[in-house]
Every structure is written in C-alpha cells, then in structure tokens.
Amino acid sequence: MGRLFVISGASGVGKSTVLKKVFSEREDLQFSVSATTRSPRPGEEEGVHYFFVSKETFEKMLADDAFVEHSAHAANYYGTPKAQLEEKLKKGDVILDIEPNGAFQVQKVRSDAILIFIMPPSMEELSRRLNGRGDTPPEQIEIRMKRADWEISQSPRYHYIVINDQVDTCAQKILDIIANTAD
Ligand code: ADP
Ligand code: 5GP
C-alpha cells in the first residue's frame, strides 16, 4: 500500500507549478486526478489535470458513493474518485491536490495521510499570482481571495507548512518531506 500525501493551499499560491516540478524529480509519484464541474483552463487536459464533468454527472457519482471526499469551492464541485485512488495506492505513493475540507475528510479515512500546506509569501503576492495567471474572471478572483483567508486559517491543522517563495525551493522542501517520511 502506497503512502498518501495531501497538498493544500489557496488558489493561485502555485500548487500546480510546484507539483509539476515535484513530479519531474520523482517519476514514481502518482497524482490523484480529481473530478470537477469547473471548465478547463487553457492547457488543462482531460484525465491529466482533472476529469471535467457536468453537475449532473458529479451528482450521479456522489449518489453512487464514487468519491473518497468531495467539496464545493468557488461555486464548483470537486471530488477525489475512490476507485482511481485505490488503484494508484496499490502501485505506490499518491499526491492529492485538494482543499482543506477534503484534506480533513481524507484524514478521517486514512489517518496516516501526510498533510502539507503551501503558504504564499504574502496576500499581496497571492493576489498578484491569481491575477497574473490571467485565466480567472474578476468575480472568481474575489471569491478565491476571500476563501484564501479561511484556507490559511486551517494551516495549523497540517503536518507541514511550506512557503512558496521560489518554485524550486518549495518543490525541494516537499521532496524532502516525502523522502524523510518513514513508511
Ligand atoms: P494553483 O495551482 O495553486 O492555483 P498555479 O500553479 O496555477 O497555482 O500558479 C498561479 C500563478 O502563479 C501561475 O501564473 C504561476 O506561474 C505563478 N507562480 C507559481 N509559483 C510561483 C512562484 N514561486 N513565484 C512566482 N510566481 C509563481
Ligand atoms: P482549481 O480550480 O484552482 O484547480 O482548484 C480549486 C481548489 O480545489 C484548490 O484548492 C484545489 O486544491 C481544490 N481541489 C481540487 N481537486 C479537489 C478534490 O478532488 N477535492 C477537494 N476537496 N478539493 C479539490
């Protein structure tokens, strides 16, 4: 059975960017691909970054008990498909990029899960990154910045807090946590 690493952090803090670096350094690590009702951003691929599903499909999956955890975030639904996670855990370690409600739901069913929170250097820098990505409508940015305060307030419940100042440094800290966490 592989180990389970949960990564959370406010939208725009750099989770995808940092995780890309982490996966490039450790090809044995697997990413848990979530289902979401939000639309794909430019460059996002079906089945790689997310399974992009309709609200109806998401609700059907929910009724079928197909999720390990699920949550609403910025007016969209997100969930971790159960069957996929179980298959990946049979092969090795898995990283989940999910928000705090989901992280704590996972912790209830897998008490050995390692929770890592990525923190922005400042709220100003978080706003700059979210705006700079250029793919999030202004009203969504406002929702996500409000939500960021709550998410950061949950960070003391995580095992590790890592600041994403420089991408490479942040990725290395996560790689060190993964390497130093005993089976
Ligand atoms: P998330 O997955 O957390 O929503 P992204 O990985 O999409 O965030 O990053 C949001 C934006 O911030 C992107 O434009 C990305 O290039 C940029 N970014 C990520 N990490 C850093 C960093 N350490 N310094 C400066 N910009 C960053
Ligand atoms: P984004 O839309 O920016 O990709 O993701 C928004 C938020 O949803 C992020 O905090 C991300 O970690 C979270 N998220 C992505 N997939 C899941 C999931 O399967 N479950 C939960 N609970 N959160 C998720």
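The values are calculated or read from the model by the stated rules, or taken from the named source; none is laboratory data. Quantities reported herein were computed from a predicted structural model and do not represent experimental measurements. Ideal geometry is used to build each Cβ from the backbone, glycine not excepted, and the neighbour counts take in all protein chains shown. Note: accessible area is taken over every heavy atom of the protein model, side chains too, but ligands, DNA and RNA are not part of it. Shrake-Rupley method; radii C 1.70, N 1.55, O 1.52, S 1.80 Å.
Brief remarks follow.
- Rolled with a 1.4 Å probe across the full set of protein chains, the surface gives Val109 an accessible area near 100 Å².
- Within the shell of other residues whose beta carbon sits under 12 angstrom from the beta carbon of Val22, the net charge comes to -2, with Lys and Arg scored +1 and Asp and Glu -1.
- Extension gain from Asn76 to Ile161, taking 0.36 nm per residue of separation minus the Cα-Cα distance: 28.0 nm
- Loop-located GluC sites (Glu not before Pro) in segment 45-126, at most 14 other Cβ atoms within 10 Å (DSSP): Glu45
- Net charge of Cβ neighbours under 9 Å - reference Pro100; Lys, Arg +1; Asp, Glu -1: -1
- Tail beyond 22 Å, pair distance distribution of segment 1-128 (Cα, percent): 34 percent
- Cα convex hull, segment 56-141: 135 Å³ per residue, rounded to a whole number.
- With DNA, RNA and ligands ignored, accessible area of Lys173 (1.4 Å probe; Å², nearest 10): 100 Å²
- Shown in residue order for segment 10-24 are the 3J(HN,Hα) couplings computed by the Karplus curve 6.51 cos²θ - 1.76 cosθ + 1.60 at θ = phi - 60°: 4, 4, x, 5, x, 4, 4, 4, 5, 5, 4, 5, 4, 5, 6 Hz (x for Gly and Pro).
- The amide H of Met119, built 1.01 Å from its N in the peptide plane, has Val162, Ile163, Asn164 as neighbours under 5 Å, considering only residues 5 or more places off or on other chains.
- Using a cutoff of 8 angstrom between alpha carbon atoms and counting only pairs six or more residues apart, the relative contact order for the chain works out to 35 percent.
- Accessible surface of the chain [probe 1.4 Å, protein heavy atoms]: carbon and sulfur percent: 52 percent
- Rg/Rg_globular for segment 105-183, with Rg_globular taken as 2.2 N^0.38 Å and Rg from C-alpha atoms: 1.27
- Distance from segment 109-183 to segment 30-70 (C-alpha centre basis), Å: 21 Å
- Using θ = phi - 60° and Karplus 6.51 cos²θ - 1.76 cosθ + 1.60, couplings along segment 47-57 (whole Hz; Gly, Pro as x): x, 9, 8, 8, 9, 8, 10, 6, 4, 5, 4
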